[in-house]
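A.B. asks: Dropping the structure in here first, questions after.
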Amino acid sequence: MPLDAVCLSALIDEIAPELEGAHIDKVQQPAKDLLLLSLYSRRGSRRLLISAGVGMARLHFTSERFENPEQPPMFCMLLRKHLVGARIDRLWQPENERMAVFELTCRDELGVESKKRLAVELMGRSSNIVLVDGEGVIIDCLRRADFGEEAYRRLLPGMLYRLPPRPAKPNPLELTSAERRARLADTDRDKPADKRLAEAFSGLSPLIARELAHRAERGDLAMALDAWCDSVKAREFTPCLLTENGQARDFSFMHITQYGEAMRCEPRGGFSELLDEFYSARERAERMRRVSHELTKTVRTLRDRQSRKLAQQRAELEKTADREALRRRGDLITANLWRAEKGARALLCEDYYAEGCPTVEIKLDPLKTPQQNAAAAYKEYKKAAAAEQHLTKLIAEGEALLDYLEGTLDALSRAESEKETAQIRRELMEANVLRRPKQGGKERKVKPLGPIRKVSSGGYEILIGRSNTQNDELTFKTARRTDVWLHVQKLHGSHVIIRAEDTRPDDGTLRQAAELAAYYSQARESGKAAVDFTLVKNVKKPSGALPGKVIYTNYETVTVEPKDLG
């Protein structure tokens with residue numbers, strides 16, 4: 001369900017006491033519609049998340065870690081200017097509105113105190129974050145709303161800030177029991193009960209409307225609505241997470257019974273904890289999708305372009321296969337210059353290269369002398385020979401690059417964090433596959449992620465590379481010569497190392513490492529996969545090879561099912 005006005009009210013009741021009196025230490029904007037406020041108070045430090053994303057608009061404390069962009073957005077820098085060091089005096093909610101307002105005391109560069117407000121509007125597609133000065137004038141907002149025809153409200157710097165327009169339908173919490181019953185009586189009784197509630201009132205999310213309809217199946221709908229209104233006014237809230245097969249599907253501020261045994265309704269310790277748990281995995285997956293999608297699309301485009309280029313080069317190489325015919329033609333013209341006449345279009349002569357020396361006709365260019373025709377044939381022959389040599393080299397390099405791009409796409413498909421994706425992007429730049437962005441200042445250094453670490457049932461440490469560059473580092477720098485190296489056979493995948501410490505790992509460890517090598521490869525979705533293993537000393541890197549490319553000898557092969565140790 002969206003964070004409706006009632007759920008937001010329960011959330012503000014919970015977090016407002018912790019926020020009041022707290023100071024804003026940092027302002028970060030990891031994504032275009034996401035803010036993080038680092039707060040400190042006598043109770044300790046907390047991190048407040050404010051999201052205005054469509055379908056993910058919310059406000060709560062979080063323990064989730066986010067990666068910041070290299071250049072903070074303009075709105076983030078504006079908020080830092082006004083809000084860093086500010087004290088939160090009050091957090092409140094306009095009556096029955098899906099929004100929260102922070103009352104702030106700020107100080108400018110000269111230490112002059114001023115009042116400001118940060119209005120957080122959590123209203124679906126119209127969600128926004130607006131900074132307002134003490135006079136009610138908009139300083140700036142996350143999403144500016146100009147004077148287009150589809151604009152919901154006009155929100156621009158310099159305008160007076162006004163609360164969102166109230167819906168035409170009344171909120172049931174603002175009506176008496178008699179008024180609510182009258183509104184329900186005016187609805188079409190042939191419609192489902194939840195549709196009648198949505199038609200008569202605002203402020204009821206689809207989940208709550210269905211829950212009230214479910215509770216009224218054997219009773220009076222108006223009575224169920226009255227009981228719900230009395231419960232909300234009495235502040236009887238219970239943060240609940242709805243799960244299906246262990247996966248979070250929805251949340252609510254009240255116990256939900258409409259799904260029966262299909263979903264479990266699990267209470268949580270607080271609304272902030274509930275929202276953080278519900279949205280963390282979803283937000284992480286969405287951020288990862290956004291970050292990796294662009295890079296994956298770029299690499300896939302490079303791969304397809306390289307594939308087409310290789311096809312053209314192979315076609316040109318095939319044309320050079322008959323270059324010997326050009327040399328023979330030149331030899332025959334040279335041997336029969338006495339027969340050739342200037343301006344002739346053809347030359348009849350014996351082909352002494354063929355058995356029996358049959359008479360053949362050689363076409364000539366009438367604008368050239370016989371000597372010039374022979375020289376042109378020799379020139380074409382030399383050109384074809386040079387092209388063969390050059391194209392053979394280009395095709396070998398192109399095949400290596402195509403193989404590298406395929407491996408990179410495989411690594412991207414298995415990347416589990418934004419850092420892994422950034423690491424792969426950096427690798428592509430260092431390999432001169434991608435151009436470095438043109439920007440001023442020094443490039444920010446980010447500590448690279450280490451390899452994935454697992455421990456086998458036999459107690460051996462198993463290391464798994466996350467990218468092509470890390471595969472090289474793992475195999476040729478981290479591993480010892482007597483460690484065991486594994487890789488899926490004839491497919492792209494991670495290098496896997498068993499830290500053997502000069503011992504021979506047991507068969508169970510070898511099998512588990514092989515299963516991991518298959519799992520972290522293109523064979524992940526297959527039923528069975530062949531995995532090669534050998535000692536690290538038998539693995540070599542060809543001179544000039546791209547990251548991740550190796551050759552190995554003295555290996556054994558085992559067939560396993562792709563599995564993760566967890």
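The numbers here are math on the coordinates, done by the rules we state, and not lab data. The model shown is predicted, which means the values in this text are computed figures rather than measured ones. Heads up, the Cβs are rebuilt from the backbone with ideal geometry, glycines too, and the neighbour counts pull from every protein chain shown.
A.B. asks: Please give the charge dipole size of the range 172-277, origin at the Cα centre, charges +1 on K and R Cβ atoms and -1 on D and E Cβ atoms. Round to the nearest 20 debye.
C.D. replies: 240
A.B. asks: List every residue whose amide H lies under 5 Å from the amide H of ASP89, counting only residues 5 or more places away in sequence or on a different chain, with H placed 1.01 Å from N in the peptide plane.
C.D. replies: Amide H neighbours of ASP89, under 5 Å, 5+ apart: GLY21, GLU103, LEU104, THR105.
A.B. asks: Tell me the Kirkwood hydrodynamic radius of the chain in angstroms, computed as one over the mean inverse distance between distinct C-alpha pairs. Walk me through the numbers on the way to the answer.
C.D. replies: Details: mean 1/r = 0.0329 Å⁻¹.
Kirkwood hydrodynamic radius for the chain: 30.4 Å.
A.B. asks: Label points 7 Å out from Cα along the Cβ direction at GLU103 and LYS233: separation in nm?
C.D. replies: 2.6
A.B. asks: What length, rounded to one decimal in nm, is gained on full extension from LEU156 through to ALA386, with 0.36 nm per residue of separation minus their alpha-carbon distance? Don't skip to the answer; put the middle values down first.
C.D. replies: Working: separation 230, 0.36 × 230 = 82.80 nm, distance 6.61 nm.
Between LEU156 and ALA386, full extension yields 76.2 nm more.
A.B. asks: Scaled to the compact-protein estimate 2.2 N^0.38 Å, what is the alpha-carbon radius of gyration of the range 5-141, rounded to two decimal places?
C.D. replies: Dividing the Cα Rg of the range 5-141 by 2.2 N^0.38 Å gives 0.98.
A.B. asks: So what is the 222 nm mean residue ellipticity for the chain from helices alone, if each DSSP H run of at least 4 adds -39500 (n - 2.57) and you divide by all residues, rounding to the nearest 500 deg cm²/dmol? The partial results should precede the final answer.
C.D. replies: On the way: 12 runs with 204 residues, N = 566.
So the calculated ellipticity at 222 nm is -12000 deg cm²/dmol.
A.B. asks: From the square roots a ≥ b ≥ c of the eigenvalues of the alpha-carbon gyration tensor of the range 50-109, which class results: rounded (a/c under 1.5), prolate (a/b over b/c), or oblate?
C.D. replies: Oblate, since a/c reaches 1.5 and b/c is not below a/b.
A.B. asks: How large is ³J(HN,Hα) for each residue in the range 524-539, as worked out from phi by the Karplus curve 6.51 cos²θ - 1.76 cosθ + 1.60 (θ = phi - 60°), to whole Hz, x for Gly and Pro?
C.D. replies: So the J values, rounded to whole Hz, are 4, 8, 8, x, 9, 8, 8, 10, 8, 9, 7, 6, 4, 5, 8, 9.
A.B. asks: Follow-up question, since we're still on this one. Along the charge dipole of the chain, Cβ charges K/R +1 and D/E -1, which of GLY85, LEU36, TYR378 sits furthest on the positive end?
C.D. replies: After comparing all options, I get TYR378.
A.B. asks: Quick check on my link table: of LYS393/LYS537; LYS454/LYS563; LYS169/LYS195; LYS319/LYS383, which ones sit more than 23 Å apart, alpha carbon to alpha carbon?
C.D. replies: LYS393/LYS537
A.B. asks: If a paramagnetic tag sat 7 Å from the Cα of ALA545 along the Cα-Cβ line, which residues of the range 445-481 would have the backbone N under 20 Å from that point?
C.D. replies: Correct set: 463-481.
A.B. asks: Among HIS492, HIS293, what is the fewest-to-most ranking by other Cβ atoms within 10 Å?
C.D. replies: Going from sparsest to densest Cβ surroundings: HIS293, HIS492.
A.B. asks: Counting only Cα, what are the radius of gyration and maximum Cα-Cα distance Dmax of the range 452-560, in Å?
C.D. replies: For the range 452-560, the Cα radius of gyration and maximum Cα-Cα distance read 12.5, 38 Å.
A.B. asks: Hey, could you grab the Kirkwood Rh for the range 347-421? Inverse mean 1/r over distinct alpha carbon pairs, Å, one decimal. Don't skip to the end; give the middle numbers.
C.D. replies: Numbers: mean 1/r = 0.0572 Å⁻¹.
It works out to 17.5 Å.
A.B. asks: Let me ask something else. Grab the alpha carbons of the range 1-83, take their convex hull, and tell me the volume per residue in Å³.
C.D. replies: Each residue corresponds to 108 Å³ of Cα convex hull volume.
A.B. asks: How much FRET efficiency would the formula 1/(1 + (r/R0)^6) give for LYS309 and ALA281, where r is the Cβ-Cβ distance and R0 is 41 Å, rounded to 0.05? Before the final figure, lay out the partial values.
C.D. replies: Working: r = 41 Å, r/R0 = 1.00.
The formula returns an efficiency of 0.50 here.
A.B. asks: Rounded to whole Å and sorted largest first, what semi-axes of the equivalent ellipsoid does the C-alpha gyration tensor of the range 102-226 yield via the square root of 5 times each eigenvalue?
C.D. replies: Rounded to whole Å, the semi-axes are 41, 16, 12.
A.B. asks: Further question: Mind putting a number on the dipole of the chain about its Cα centre? Charges go on the C-beta only, +1 for Lys and Arg and -1 for Asp and Glu, and I need it in Debye to the nearest 20.
C.D. replies: It comes to approximately 1800 debye.
A.B. asks: Taking amide H positions as placed 1.01 Å from N in the peptide plane, with prolines and chain starts having none, which residues 5 or more places from MET159, or on another chain, fall under 5 Å of its amide H?
C.D. replies: Result for MET159 returns ILE138.
A.B. asks: To make sure I understand the rule: partners must be lysines, Cα under 29 Å from the Cα of LYS26, and not fewer than 8 residues away in the same chain. Which ones qualify?
C.D. replies: Qualifying lysines at Cα under 29 Å: LYS81, LYS115, LYS116, LYS419, LYS438, LYS442, LYS445, LYS447.
A.B. asks: Taking a cut-off of 17 Å between Cα atoms, list the aspartates and glutamates near LYS540, but don't count ones fewer than 8 places away on the same chain.
C.D. replies: Within the straight-line limit of under 17 Å, LYS540 reaches these aspartates and glutamates: ASP472, GLU473, ASP483, ASP532, GLU556.
A.B. asks: GluC sites (Glu not before Pro) within the range 510-566: which are DSSP loop residues with at most 12 other Cβ atoms inside 10 Å? Write down the numbers at each step before the final one.
C.D. replies: Details: sites: GLU515, GLU525, GLU556; in loops: GLU525.
Those satisfying the criteria are GLU525.
A.B. asks: Same structure again: Can you compute the modelled spin-label distance between LYS195 and ARG249, with each label point 7 Å from Cα toward Cβ, in nm?
C.D. replies: Those two pseudo-labels are separated by 2.3 nm.
A.B. asks: What FRET efficiency comes out for the pair GLU430/GLU316, r = Cβ-Cβ distance, R0 = 25 Å, nearest 0.05?
C.D. replies: Values: r = 31 Å, r/R0 = 1.23.
Efficiency at R0 = 25 Å is approximately 0.20.
A.B. asks: Given the Cα-Cα distance of ASP507 and ASP13 and 0.36 nm per residue of separation, how much length would full extension add, in nm?
C.D. replies: Values: separation 494, 0.36 × 494 = 177.84 nm, distance 5.84 nm.
Taking ASP507 through ASP13 to full extension adds about 172.0 nm, to one decimal.
A.B. asks: Please report the relative contact order for the range 5-141, taking Cα pairs under 8 Å with a sequence separation of at least 6, and give it as a percent rounded to a whole number.
C.D. replies: Values: 281 pairs, mean separation 29.0, N = 137.
With pairs under 8 Å counted, the relative contact order is 21 percent.
A.B. asks: Any aspartates and glutamates with Cα under 12 Å of the LYS342 Cα? List them, leaving off those in the same chain fewer than 8 positions away.
C.D. replies: Cα-Cα hits under 12 Å: ASP365.
A.B. asks: List the trypsin sites (Lys or Arg not before Pro) within the range 203-301 that DSSP assigns to loop and that have no more than 16 neighbouring Cβ atoms inside 10 Å.
C.D. replies: When the trypsin sites (Lys or Arg not before Pro) of the range 203-301 are filtered for loop state and at most 16 Cβ neighbours within 10 Å, ARG218, ARG235 remain.
A.B. asks: Now, a different point. Sorted by packing (mean other beta-carbon atoms within 10 Å per residue), highest first, where do 219-230, 391-402 land?
C.D. replies: By packing density, highest mean first, the sequence is 219-230, 391-402.
A.B. asks: If I stretch the segment between ALA325 and LEU163 completely, what's the gain in nm (0.36 nm per residue apart, minus their alpha carbon distance), one decimal?
C.D. replies: Using 0.36 nm per residue and subtracting the Cα-Cα distance, I get 49.8 nm.
A.B. asks: Which whole-number percent of Cα pairs in the range 172-277 have a distance greater than 25 Å?
C.D. replies: Value for the range 172-277 (Cα pairs over 25 Å): 24 percent.
A.B. asks: In addition: Between Rg and the Kirkwood Rh of the range 21-66, both from Cα atoms, what is the Rg to Rh ratio?
C.D. replies: A ratio of 0.99.
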